[in-house]
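Input: a single structure, listed below in C-alpha cells.
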Amino acid sequence: MPRGCAYHGLMGGGRSIQLARVFGVRIGVDPSWFVVLFLVIWSLSGSFKDIYPGHDTKAFALATISALLFFTSVVLHELGHAVVAMRNGIGIAGIDLWLFGGVARMRGDTRTPGQEFRIAIAGPLVTAAIALVCWLAGGRHALALDSAHVSAGTAVLRFLTLINVILLAFNLVPGFPLDGGRIARAIAWWRTGDRDRATRLAARLGRGFGMLLIAFGVYLLLLGADVVGGVWLVAVGFMLSQSARAAEMQSRISERFAGLTVSDVMDAEPVVLPAQTKLDRALDEFFLRYRWPWFPVVDATGRFLGLVSRQKVEDVPEALRPGSSVDQVMSIENAGSYRIGVDEPLETLLGSEGLARLGALMAVDPDGVVRGIVTVDQVRRALRAQTAIP
C-alpha cells in the first residue's frame with residue numbers, strides 16, 4: 001500500500017508517543033500508527049505463509065521484522081528531510097509516524113527555492129539508497145516472493161526493495177504535499193520568483209492526484225475486487241486533496257501577510273519568570289497576581305528556557321516552596337516548539353503546532369532572548385485586518 005512521506009506540519013504530530021532521539025530529532029508515533037502496523041503485519045503474514053507453507057510462526061516473525069524495517073525506512077526518509085533542513089538553518093520539531101506515513105515537522109518554512117529543493121529531494125534520495133542497498137544485498141536474487149526456494153533473508157530484502165521503490169515512485173508524484181509536489185513548487189518558485197503562486201500550482205496538482213486516487217479507489221470498490229485497497233486509496237486521496245487545499249488557502253493568506261513579521265503583532269512587554277525565583281514568590285507575585293496558567297521561564301540574560309505552570313508549582317508541598325526554584329519544576333520538553341524569531345514572517349505562525357497547543361509563542365531574538373509574546377488572538381486580529389483590506 002502506498003504511504004506518503006512529507007516534511008510539514010499539516011499532518012500528524014501533536015500527541016505522539018516518543019520512541020527515540022536521532023541527531024537530536026525527536027522520533028514519535030501517533031496512536032493511529034499501531035493500527036497500520038497491525039494491518040501491515042497481517043497482510044505480510046499471508047504473503048510469507050505462501051512462501052513457507054506450514055510455518056505460520058516463521059511467517060509471522062518475518063512479517064513483523066519486515067514491517068518494522070519498512071517503518072524504519074520511512075523514518076530514515078524523514079531524517080533525510082530533517083538533517084538537510086537543519087543544515088539550512090530550519091529547526092525540526094520532530095518526526096512522527098502516523099496513519100498515512102511519516103512527517104518531519106519543521107519549525108519554519110523554506111526561504112529560497114534552493115532550500116525547498118534540497119530539503120524536498122533529500123527524502124527520496126535516502127529511499128532510493130535504501131532500495132539500492134537492499135537490492136544489492138540480496139533482493140535481486142528473488143524474482144518472486146512466492147518462490148519455494150527463497151531464503152528468509154532474501155524474502156525480507158525483496159520486500160524492502162519493492163516497497164521502497166513503490167514509496168519512492170509514490171512520493172515523487174508532482175503533487176503537493178508529496179515530495180514531488182515540493183520539488184515542483186521549488187522549480188516553479190525558481191522560475192517565477194513567486195512562492196505563493198508556485199504553492200498554488202503544486203497544490204492544484206496535488207488535488208488532481210488526490211482525485212485520481214479517490215476515483216480509482218471507488219472503481220475498485222465497485223468491482224469488489226479489492227475492498228481494502230479501494231478504501232485505502234479513497235482515504236489517501238481524500239487526505240492528499242485536503243492537505244493540498246489547505247496549502248492553497250494558506251498561500252492566499254500569506255500574500256495578505258506579505259511584509260509583516262512576528263514583531264509587528266507581538267506584545268513587546270512580556271511578563272517572564274526568572275529561573276531562580278523561589279516557588280512561594282512565583283505563586284504569590286506571578287500566578288496569583290496575573291491569574292495566568294503558565295509563564296515563560298528565562299535565565300539571568302533573558303534567554304527562554306521553558307515553561308512553568310501553576311499546577312507544577314502547587315504540586316510542590318507548601319513547606320518546600322521557599323527552598324525550591326522555578327527551574328526545578330519548569331518543563332523544557334518541546335520548548336523549541338514554543339518559540340519563534342521576532343523577524344520571522346507572520347505567515348510562519350499559521351502552521352505552528354506550538355501556537356495551536358499553548359495559545360501563544362515566545363518571540364525571541366537571534367540570541368534566544370525573549371522580546372515578546374504573540375498569542376492566537378493577536379494572529380486572528382492581524383488576519384482579520386489583512387483580509388478586510390480590498
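The values are calculated or read from the model by the stated rules, or taken from the named source; none is laboratory data. Keep in mind the model is a prediction, meaning the values are calculated, not measured. Here Cβ is always computed from backbone atoms with ideal geometry, including for glycine, and neighbour counts include all displayed protein chains. Calculation scope for accessible area: heavy atoms of the full protein, side chains included, ligands and nucleic acids excluded. Shrake-Rupley method; radii C 1.70, N 1.55, O 1.52, S 1.80 Å.
Odds and ends about this structure:
- Out of E353, E318, E314, E347, one residue alone is closer than 30 Å to Q250 by Cβ, out of contact with any strand residue (DSSP E or B) (no Cβ under 8 Å at 6 or more places or on another chain) and of a type in the set (D, E, K, R). It is E347.
- Of all residues in segment 302-320, those satisfying the criterion of being more than 25 Å from R107 (Cβ to Cβ) and open to solvent by less than 40 Å² (accessible area, probe 1.4 Å) are V313, V316.
- Annotation: F238 fulfils all but one of (1) under 27 Å from L39 (Cα atoms); (2) buried (at least 19 other Cβ atoms within 10 Å of the Cβ); (3) not polar (S, T, N, Q); the unmet one is (2).
- Of residues in segment 343-360 being in contact (Cβ under 8 Å) with a residue 24 or more places away in the chain and not in a helix (DSSP H, G or I), the one surrounded by the most Cβ atoms within 10 Å (Cβ to Cβ): S352
- Within segment 248-294, tally of residues that are part of a helix (DSSP H, G or I), β-branched (V, I, T) and open to solvent by 30 Å² or more (accessible area, probe 1.4 Å): 1
- Residue match in segment 321-328 (condition: open to solvent by 40 Å² or more (accessible area, probe 1.4 Å), closer than 19 Å to S254 by Cα and in contact with a helix residue (DSSP H, G or I) (Cβ under 6 Å, 6 or more places away or on another chain)): no
- Counting residues in segment 80-102 that are under 19 Å from I163 (Cβ atoms) and open to solvent by 50 Å² or more (accessible area, probe 1.4 Å) gives one or more.
- Residue list for segment 27-37, filter: closer than 12 Å to F71 by Cα and open to solvent by 30 Å² or more (accessible area, probe 1.4 Å): F34
- Looking across segment 89-104 at every residue that is among the hydrophobic types (A, V, I, L, M, F, W, C) and over 8 Å from the mean Cα position of the chain (by Cα), the one that is farthest from V40 (Cα to Cα) is identified as I90.
- The set of residues from segment 51-98 being in a strand (DSSP E or B) and out of contact with any strand residue (DSSP E or B) (no Cβ under 6 Å at 6 or more places or on another chain) comprises just one member, W98.
- Within segment 158-215, the set of residues being part of a loop (DSSP other than H, G, I, E, B), more than 21 Å from T72 (Cα to Cα) and open to solvent by 20 Å² or more (accessible area, probe 1.4 Å) comprises V173, P174, G193, D194.
- Filter result for A300 (in contact with a Lys or Arg (Cβ under 9 Å, 6 or more places away or on another chain), modelled with pLDDT of 90 or more and small (G, A, S)): no
- Subset of segment 105-151 [of a type outside the set (V, I, T), at pLDDT below 85, more than 23 Å from the chain's Cα centre (by Cα) and open to solvent by less than 30 Å² (accessible area, probe 1.4 Å)]: G138, G139, A142
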